[in-house]
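Colleague: Let me give you the structure first, and then I'll get to my questions.
The values are calculated or read from the model by the stated rules, or taken from the named source; none is laboratory data. Keep in mind it's a predicted model, so treat the numbers as computed, not measured. Neighbour counts are summed over all protein chains in view; Cβ atoms, including those assigned to glycine, are modelled from backbone coordinates with ideal geometry. These accessible areas exclude ligands, DNA and RNA; they are computed on the full protein's heavy atoms, side chains included. Shrake-Rupley method; radii C 1.70, N 1.55, O 1.52, S 1.80 Å.
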Amino acid sequence: MNIKWNGQQLLRAGILLLFSIMLFRLHFTGEILKFVNPKYELLSLSAAILFSCLFLIQLSRGWEIMKHNYTHHEHIHHPPSKEKQGNLIQPHESHHCGEEHCHHDHGDGKINYKKLIGYAIIIFPLAAGFLVPPQVLNASIADKKGGMLLLTGSQQESAATETARSEALNEEPDLANQHTELAEAPSSEGAIIDEHAEDEGVMENTVSRDEFEQIMADLEEKRSIVMQEHLFASYYERIANTPDAYTGRSIQLSGFVFRDEELSENQLVISRFLITHCIADAALIGFLAEFPQAAPLEEDTWIEATGVIDTTMHNGTKLPIIRITEWKKSTAPDQPYVYPLSVRIL
């Protein structure tokens, strides 16, 4: 019994195995959250399992067991009669799968430049995944995405969303939060009430409509607002939409420093990136802040700040601005992004 190995089939199996290992490694280290929203963790894990299954299938094509040793024998073939020649089927003439006649690849053909290009395209993301450490989005990315224009534009868009939501509340309460996607919310009311507790709800992506309404109702009553990770985006959207309603209230938040050339030296943006699906759709959100010590702070510096909410005009748009009273430098959290919240209807 001889074994015939197929190098190209084994290469394809190896590529599938590496994709599977890369995804499993991202899940094991937790770095998958630097690429996707936590609600897609199960989906990406399913992809890793699928790659493993495909690897096993492809691996079985990597060799062929030759069970018979063929020897030459003499056979006497009697030609068929003329009456039967017309009815004979010539099976080997209908399809030739030799190298000169076959126009599709069985995986054992010669490697040409087209195959090399195809393999290179597939191997490139693998090489990047294993050799390049995951990077966190920073101020330079925010600047490329539009900076302050992104903030003012997102506020106008979210204001329209808020108006539509308010109308829905008045007309049909059951449909008010049908497609709301905001920020993380805790899975229990205790986590909402205890503002200084460890933020365990940051990875929860789904809450009920009643829970969401309770979150917003609690915000309306707060005189001192703490921007916890799981509440950051939902609180931000509400405050940015109706800044006058929150003027004079105290606020605590953390984020990285982002600067825009249109801002004065004592102004900066305390920013976060909101990830809806993956980092490809990352959006900059944050509050304009003002304090005398802002000038020497470099971009991407993480700070924790406390201040009072006020309003200002920027490019014709009313924005909330935080008059900082206390601040300090801090380190970036293990998970620097904030994520949207899906509100269950039923």
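Colleague: Do you know which residues across the stretch 213-248 are basic (Lys, Arg) and surrounded by 14 or more Cβ atoms within 10 Å (Cβ to Cβ)?
Modeller: 222, 238
Colleague: Can you report the number of residues in the stretch 292-309 which are modelled with pLDDT of 95 or more and surrounded by 18 or more Cβ atoms within 10 Å (Cβ to Cβ)?
Modeller: 4
Let's see how each residue does on (1) of a type outside the set (Asp, Glu); (2) in a strand (DSSP E or B); (3) without any contact (Cβ under 8 Å) to a residue 60 or more places away in the chain; (4) touching a Gly at 6+ places or on another chain (Cβ under 7 Å):
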position: 233; (1), (2), (3), (4): yes, no, no, no
position: 248; (1), (2), (3), (4): yes, no, no, no
position: 252; (1), (2), (3), (4): yes, yes, yes, no
position: 265; (1), (2), (3), (4): no, no, yes, no
position: 276; (1), (2), (3), (4): yes, no, no, no
position: 280; (1), (2), (3), (4): yes, no, yes, no
position: 308; (1), (2), (3), (4): yes, yes, no, yes
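Colleague: For the stretch 36-53, enumerate the residues that are open to solvent by less than 80 Å² (accessible area, probe 1.4 Å) and part of a helix (DSSP H, G or I).
Modeller: 38, 39, 40, 41, 44, 45, 46, 47, 48, 51, 52, 53
Colleague: Being more than 23 Å from residue 30 (Cβ to Cβ), at pLDDT below 90 and open to solvent by 50 Å² or more (accessible area, probe 1.4 Å), is that true of even one residue in the stretch 265-287?
Modeller: no
Colleague: Also, quick follow-up: Can you tell me which of 57, 49 is at pLDDT 95 or above, within 41 Å of the chain's Cα centre (by Cα) and of a type outside the set (Gly, Ala, Ser)?
Modeller: Checking each option against the conditions leaves just 49.
Colleague: Which residues, taken from the stretch 9-35, are more than 22 Å from residue 119 (Cβ to Cβ), of a type in the set (A, V, I, L, M, F, W, C) and open to solvent by 30 Å² or more (accessible area, probe 1.4 Å)?
Modeller: 24, 28, 35 - these are the residues of the stretch 9-35 that are more than 22 Å from residue 119 (Cβ to Cβ), of a type in the set (A, V, I, L, M, F, W, C) and open to solvent by 30 Å² or more (accessible area, probe 1.4 Å).
Colleague: A further question on this structure: Among the residues of the stretch 318-346, how many are at pLDDT below 85 and buried (at least 16 other Cβ atoms within 10 Å of the Cβ)?
Modeller: The number of residues fulfilling the criteria is 4.
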